[in-house]
Amino acid sequence: MSQRIAVYPGSFDPIHNGHLDIIERCRVIFDEVVIAVLHNEGKKPLFSVEERIDAIREAVGGEGTNCRVESFSGLLVDFVDRVGAQAVVRGLRAVSDFEYEMQMALMNRRLNPRVETVFLMPKQDYIYLSSRLVKEVFSLGGKLEGLVPDVVLRSLEARLRPDGRA
Ligand code: PNS
């Protein structure tokens, strides 16, 4: 039987525990999960693609997991074809996510009808979590323990509080 491969795409600037929760769920359903980090400097990310990939690799774990991390640019559906995947996985947190996600899913279907989009819901504890809020809260001195992996806490400290300010 052919491998069931899913692509989990995103900006991951930075990855947080809501993303990790979706990845864990995805790994149970699919034989392989390709975490695809968008290469788009136009979005002015806090972390470079390489930094985001390294953080995801450390957070997800190394050898023996059925995950790999890659970057992509251009159309997502073309990347999905290149890696031989059948599905795109997206996390759905709240009704507010729905419209944007539906537009993307239907546009992607139009661009490539072979690619299905699968929505997974994260654990309730994370439904309010976003990379934007992670950066904002941290930069204003808020605590993020339990919301991001340690590697991200360390990277945020180095990037946003290089002088060790609490
Ligand atoms: O984490 P994000 O920023 O919500 O992820 C958005 C992402 C990367 C999934 C989306 O911007 C994307 O797929 N970009 C690639 C370009 C593309 O295919 N655009 C058409 C989508 S309908």
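The values are calculated or read from the model by the stated rules, or taken from the named source; none is laboratory data. Computed from a predicted model, the values in this text were never measured in an experiment. Cβ sites come from the backbone with ideal geometry, for glycine too, and all protein chains shown count toward neighbours. Side chains included, ligands, DNA and RNA excluded: accessible areas come from the protein's heavy atoms. Shrake-Rupley method; radii C 1.70, N 1.55, O 1.52, S 1.80 Å.
Would a scan of segment 39-62 turn up a residue that is out of contact with any strand residue (DSSP E or B) (no Cβ under 7 Å at 6 or more places or on another chain) and over 25 Å from L160 (Cβ atoms)? Within segment 39-62, one or more residues are out of contact with any strand residue (DSSP E or B) (no Cβ under 7 Å at 6 or more places or on another chain) and over 25 Å from L160 (Cβ atoms). When you go through Q103, Q86 one by one, which is the residue that is modelled with pLDDT of 95 or more, within 10 Å of the ligand (Cβ to nearest atom), over 25 Å from S155 (Cβ atoms) and not acidic (D, E)? It is Q103. Exactly one residue out of I5, I22, I53 is touching a residue at least 60 places away in the same chain (Cβ under 8 Å) and open to solvent by 10 Å² or more (accessible area, probe 1.4 Å), and it is I5. Among the residues of segment 25-46, just one is free of Cβ contacts under 8 Å to residues at least 24 places away in the same chain and closer than 16 Å to M121 by Cα, namely V28. Evaluate the following for D78: is it at negative phi, out of contact with any Asp or Glu (no Cβ under 9 Å at 6 or more places or on another chain), charged (D, E, K, R) and within 12 Å of the ligand (Cβ to nearest atom)? Yes, satisfied. Condition check: within 16 Å of the ligand (Cβ to nearest atom) and hydrophobic (A, V, I, L, M, F, W, C). Does V151 satisfy that? So V151 fails the test.
Yes or no, residue by residue, for (1) farther than 19 Å from F12 by Cβ; (2) without any contact (Cβ under 8 Å) to a residue 40 or more places away in the chain:
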| site | (1), (2) |
| --- | --- |
| E58 | no, no |
| S73 | no, yes |
| L76 | no, no |
| Q86 | yes, no |
| A94 | yes, yes |
| Q103 | yes, yes |
| V115 | yes, yes |
| V118 | no, no |
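Answer yes or no as to whether V95 is under 15 Å from V34 (Cβ atoms) and either within 9 Å of the ligand (Cβ to nearest atom) or among the β-branched types (V, I, T) (or both). The answer is no for V95. Looking across segment 28-48, the residues that are away from the ligand (no atom under 12 Å from the Cβ) and within 22 Å of S139 (Cβ to Cβ) come down to E41, K44, L46, F47, S48. In segment 120-147, the qualifying residues are those that are in contact (Cβ under 8 Å) with a residue 24 or more places away in the chain and over 24 Å from I29 (Cβ atoms), and the one that is most open to solvent (accessible area, probe 1.4 Å) is Y128.
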